[in-house]
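The values are calculated or read from the model by the stated rules, or taken from the named source; none is laboratory data. Predicted, not measured: the structure shown is a model, and the values here were computed from it. Note: ideal-geometry Cβ built from the backbone for every residue, glycine included; neighbour counts use all protein chains shown.
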Ligand SMILES: [Ca+2]
Ligand SMILES: [Ca+2]
Ligand SMILES: [Ca+2]
Ligand SMILES: [Ca+2]
């Protein structure tokens, strides 16, 4: 598992700095109760120390992981304060606020569809392995949802906000799990001896796209949300990673190096018509569905 994550880290570093994750939703203002309403004043949050007004510098910041639904906000990860924390900023770079504040690793923020919650990964607890946490979008009420000695990561909300899909190695290799947003009902959807990672819900919530090396190298797969009907969509010796559905659910974007370097591809949800969208000599990666 460490090997595969090291590999993924290397792949991610080779790919251009880009947005990762599987959904990016247009912001709507939400109240602290999570109800969509007319714009209201932002809730009070901790100010970032340093230079909060300074625009993002890509050389300093790491992995913008998820685009926010909470009024044109972007959640991102940075070690600007000495270790990895989750931050929020407006899309113009203003109002940068830190949401987590501890010596541990806090990464991979994923917004709930209504923008009221953020799921994320942290190793803050005593045994020092990654667990899935959830918090309100202002950083309050940080609660651990998983609790085991293995690595848990890649949280992704279902479109109705009732479930979180994630990756866990608790069964000795990486599997896709699903759970309720209070951490109950954790179910292994893949259950095999190979690595299955990075779940992404279809917009209607009926399917999950993911990546797996079960056939010898990383390919994109799709399954029903109950784990049934697992189907391979890509089939080649290259890596095929980071699936992301189009807003209408008819296409899946992904990254592949099948043409010699990282490119963004798109295909139909049945795997047909795989098309290279970027087609240049540089590394391109981590496509990110952006609802209109
Ligand atoms: Ca931290
Ligand atoms: Ca764990
Ligand atoms: Ca597996
Ligand atoms: Ca492949």
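For this structure, a couple of remarks:
- Any hit, segment 233-253, residues being over 22 Å from residue 133 (Cα atoms), under 15 Å from the mean Cα position of the chain (by Cα) and free of Cβ contacts under 8 Å to residues at least 40 places away in the same chain: yes
- Residue match in segment 161-180 (condition: away from ligand 3 (no atom under 16 Å from the Cβ) and within 19 Å of residue 242 (Cα to Cα)): yes
- Residues of segment 182-202 satisfying the condition of being surrounded by fewer than 20 Cβ atoms within 10 Å (Cβ to Cβ) and in contact (Cβ under 8 Å) with a residue 12 or more places away in the chain: 182, 183, 186, 187, 188, 191, 192, 193, 194
- Which numbered condition residue 155 fails, given (1) within 25 Å of residue 245 (Cα to Cα); (2) within 16 Å of ligand 1 (Cβ to nearest atom); (3) at pLDDT 95 or above: (2)
- Total residues in segment 249-274, condition loosely packed, with under 15 Cβ neighbours inside 10 Å and modelled with pLDDT under 95: 2
- Hits in segment 229-239 - residues which are under 24 Å from residue 261 (Cβ atoms) and at pLDDT 95 or above: 232, 233, 234, 235
- Here residue 210 passes the criteria (1) modelled with pLDDT of 95 or more; (2) more than 20 Å from residue 122 (Cα to Cα); (3) more than 16 Å from ligand 4 (Cβ to nearest atom) except the one numbered (3).
- Within segment 224-248, the residues that satisfy the criterion of being buried (at least 17 other Cβ atoms within 10 Å of the Cβ) and more than 16 Å from ligand 4 (Cβ to nearest atom) are 225, 227, 244, 245, 246.
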